[in-house]
Amino acid sequence: MVEENFIKRLIASVKCSVCEQHYEPDNISVLGHQDELWFLRASCSACHTQYLVAAIIKEGKMPELVSDLTEAELDRFQNVGVPTADEMLDMHTYLKDFNGNFAQLFDQRQA
Ligand SMILES: [Zn+2]
């Protein structure tokens, strides 16, 4: 059983990409979760940048954070707030098919 507090502490270990301040648990909200996949939104207490992240929490494994959501996905979440079940399923499928080479993804984006 995954505790919301555990997830918040996990996200709080991440630094804001803009000002490098750590996120504070009070500024992290759980948008929703399905099985081992959690969606969270954090807002930086220093510069108020919004950070949208999906976390994959599997029992007995290191948690994985997926923060490479596209701008379109970000917009949709920011407009709608809480993802619908269909959106969660889409993302779930996407993450299952994705093999987790985040470094390569980030390199491509910056190129
Ligand atoms: Zn910040």
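The values are calculated or read from the model by the stated rules, or taken from the named source; none is laboratory data. Note that the structure is a prediction, hence the values are computed from the model and not measured. In this analysis, Cβ positions are derived from the backbone assuming ideal geometry, glycine residues included, and neighbour counts consider all displayed protein chains. Note: areas computed on protein heavy atoms with side chains; ligands, DNA, RNA excluded. Shrake-Rupley method; radii C 1.70, N 1.55, O 1.52, S 1.80 Å.
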Could you please find all residues in the range 7-28 being hydroxyl-bearing (S, T, Y), within 13 Å of the ligand (Cβ to nearest atom) and under 13 Å from the mean Cα position of the chain (by Cα)? Y23
State which residue pairs qualify: first residue more than 15 Å from E3 (Cβ to Cβ) and away from the ligand (no atom under 16 Å from the Cβ) and inside the range 29-49, second residue among the aliphatic types (A, V, I, L, M) and open to solvent by less than 50 Å² (accessible area, probe 1.4 Å) in any location, beta carbons under 6 Å apart, and separation of 6 or more residues or different chains. Q34/M88; L37/I56; F39/L31; F39/A54
Only residues that are open to solvent by less than 30 Å² (accessible area, probe 1.4 Å) and not β-branched (V, I, T): list them for the range 6-42, please. A12, C16, Y23, L31, G32, L37, W38, F39, L40, A42
Pair list, Cβ under 7 Å, 6 or more apart: the range 10-22 residue in contact (Cβ under 8 Å) with a residue 12 or more places away in the chain, other residue β-branched (V, I, T) and within 6 Å of the ligand (Cβ to nearest atom): C16/T49; V18/T49
